[in-house]
Amino acid sequence: MSEEFKIYTKGGDKGETSLLGGTRVAKSHDRVEAYGNLDELNSFIGLIRDQDIDPHYRRILITIQEHLFIAEALIARDPDVTTKDLPQLNEEIVTLLEQEIDSMNEPLPPLRNFILPGGHTTVSHCHVARTVCRRVERSLIRLNMTSPVEEIIIRFLNRLSDYLFVLARKTGHDLGAKETHWRPL
């Protein structure tokens with residue numbers, strides 16, 4: 001009979017957690033901050049997925065979430081400790097995002113001004129996810145200054161923020177939402 005997986009371990013009650021590989025670090029460690037931000041982004045993408053969107057975009061978002069989990073695992077491991085083989089990110093996810101961006105962008109009017117986030121709840125969720133994605137990217141770059149982060153992870157996040165921006169515009173277009181252009185005062 002297998003033992004039930006417990007959600008709580010009490011191991012973090014004093015402000016520390018374990019990286020993959022067993023190394024204990026403060027919960028405020030840059031590595032923990034980065035994978036926590038990735039987890040938050042993944043949750044916001046789940047929120048977009050739960051909206052009334054085209055099933056194709058829902059499938060792409062699931063693929064993105066699966067790749068975000070891989071990125072989380074890669075960031076959560078201690079780079080100085082050998083751990084079991086983890087799945088890897090590769091250039092295919094970046095290429096997929098670029099293809100999706102180009103496809104969604106085709107029917108959209110050219111962008112000549114900044115746009116204000118909003119117009120529809122789904123559009124707003126996309127913009128929130130985009131800004132969280134940019135925060136994740138910044139935290140990964142900050143982590144990379146002290147501990148190497150695989151370039152593919154940073155490229156993936158950079159392209160993902162672009163994807164989320166265009167997804168916001170495309171879903172707004174599909175839903176008939178008005179796009180509000182920013183005009184300097």
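The values are calculated or read from the model by the stated rules, or taken from the named source; none is laboratory data. Bear in mind that the values here come from a model prediction, so they are computed numbers and not experimental data. Glycine also receives a Cβ, built like all others from the backbone with ideal geometry; neighbour counts cover every protein chain displayed.
Table: residues versus (1) surrounded by fewer than 20 Cβ atoms within 10 Å (Cβ to Cβ); (2) touching a residue at least 12 places away in the same chain (Cβ under 8 Å); (3) within 17 Å of Glu150 (Cα to Cα); (4) among the charged types (D, E, K, R).
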site: Tyr35; (1), (2), (3), (4): no, yes, yes, no
site: Asp39; (1), (2), (3), (4): yes, yes, no, yes
site: Asp50; (1), (2), (3), (4): yes, no, no, yes
site: Pro55; (1), (2), (3), (4): yes, no, no, no
site: Ala71; (1), (2), (3), (4): no, yes, yes, no
Note to self: I'd like the residue in segment 63-117 that is assigned to a loop (DSSP other than H, G, I, E, B) and among the hydroxyl-bearing types (Ser, Thr, Tyr) and, out of all such residues, is nearest to His173 (Cα to Cα).
What the structure shows: Thr83
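Output the number of residues of segment 143-157 satisfying the condition of being in contact (Cβ under 8 Å) with a residue 12 or more places away in the chain and out of contact with any Asp or Glu (no Cβ under 6 Å at 6 or more places or on another chain). Show your work before the answer.
First, pick out the residues of segment 143-157 that are in contact (Cβ under 8 Å) with a residue 12 or more places away in the chain: 143, 146-150, 152-157.
Checking which are out of contact with any Asp or Glu (no Cβ under 6 Å at 6 or more places or on another chain) leaves us with 146-150, 152-156.
Count: 10.
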Next item on the list: Evaluate segment 6-13: report whether one residue or more is assigned to a strand (DSSP E or B) and either touching a Lys or Arg at 6+ places or on another chain (Cβ under 8 Å) or at pLDDT 95 or above (or both).
Entry: no
Next item on the list: Identify, by number, the condition in (1) touching a Leu at 6+ places or on another chain (Cβ under 7 Å); (2) at pLDDT 95 or above; (3) surrounded by fewer than 21 Cβ atoms within 10 Å (Cβ to Cβ) that Arg135 doesn't meet.
Entry: (1)
Checklist line | Count of segment 74-116 residues which are under 21 Å from Asn158 (Cα atoms), touching a strand residue (DSSP E or B) at 6+ places or on another chain (Cβ under 7 Å) and buried (at least 17 other Cβ atoms within 10 Å of the Cβ) | finding: 2
